[in-house]
Amino acid sequence: MTTPYFAPHMQAALDQARAAALRGEVPVGAVIVAPDGRVVAMAGNRTRELHDPTAHAEMLAIRAACAQAGSERLPGHAIFVTLEPCPMCAAAIAAARLARLIYGAADPKSGGVAQGPRIFAHPQSHHVPEVVDGIAANDAEALLRGFFAGLRRHE
């Protein structure tokens, strides 16, 4: 389900995920939106391209948005991600003080929000964003399934 408010931003995140897949990266995309609705950063995974295990879509988008804002914090901003953030990305979302996390597909294997360590549920999490899940989940899941099925065919 994609509500009209979320649709354009989640579609932009899906576009970033598709671009990542074309680069041979796991297809995850992220978009950061300012309180006034402007898109301030977009990214797709680039771990392989940059030889950087921290170059997840969320991390790259947060870095770009913080650089643009001239601050390590993004109060009032929302991040749209195609896949449930991993623990590292969830911790970065909390550290950046993002107001809202909207994500598509759940990640039972590596998720850190509703799965696994549930980063925002820990007392050590100094900030807990509003979380909305399942937005365009079918599209995000199909993209991931297709990507990994293609890898298995080439093994």
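The values are calculated or read from the model by the stated rules, or taken from the named source; none is laboratory data. Keep in mind the model is a prediction, meaning the values are calculated, not measured. When we count neighbours, we look across all protein chains shown, and the Cβ atoms used for this are built from the backbone with ideal geometry, even at glycine. With ligands, DNA and RNA removed, areas are computed over all heavy atoms of the protein, side chains included. Shrake-Rupley method; radii C 1.70, N 1.55, O 1.52, S 1.80 Å.
Quick notes on this structure:
- Largest-first principal axis extents, alpha carbons of segment 93-149, Å: 38, 20, 15
- Rounded to the nearest 20 debye, dipole of segment 19-82 from Cβ charges on Lys, Arg, Asp, Glu: 60 debye
- Length-normalised contact order for segment 64-149 - Cα pairs under 8 Å, 6+ apart - percent: 29 percent
- Surface composition of segment 79-155: carbon and sulfur atoms hold 55% of the protein heavy-atom accessible area at a 1.4 Å probe.
- Two numbers describe the Cα atoms of the chain: Rg and Dmax, which are 14.4, 46 Å.
- Short-range pairs are left out: with C-alpha atoms under 8 Å and at least six residues apart, the relative contact order of the chain is 20 percent.
- Projected label distance in nm at Val128 and Val39, using a 7 Å step from Cα toward the beta-carbon: 3.1 nm
- Based on DSSP H segments of at least four residues, each scored -39500 (n - 2.57), the chain has a per-residue ellipticity at 222 nm of -12000 deg cm²/dmol.
- Each Lys and Arg Cβ is given +1 and each Asp and Glu Cβ -1; about its Cα centre, segment 1-55 then shows a dipole of about 80 debye.
- Percent RCO, i.e. relative contact order, over segment 17-56, from Cα pairs under 8 Å lying at least 6 residues apart: 34 percent
- Each residue, Arg18 and Met88, gets one label point 7 Å from its Cα in the Cβ direction; the gap between the two is 2.7 nm.
- Assigned charges on the beta-carbon of Lys, Arg, Asp, Glu; the chain dipole about Cα centre (debye): 160 debye
- Within a Gaussian network of the chain (alpha carbon springs, distance under 10 Å), most fluctuating of Ala19, Ala65, Ala142: Ala142
- The gain in end-to-end length when the Ala121 to Ala67 segment is fully stretched comes to 16.6 nm, 0.36 nm per residue minus the alpha carbon separation.
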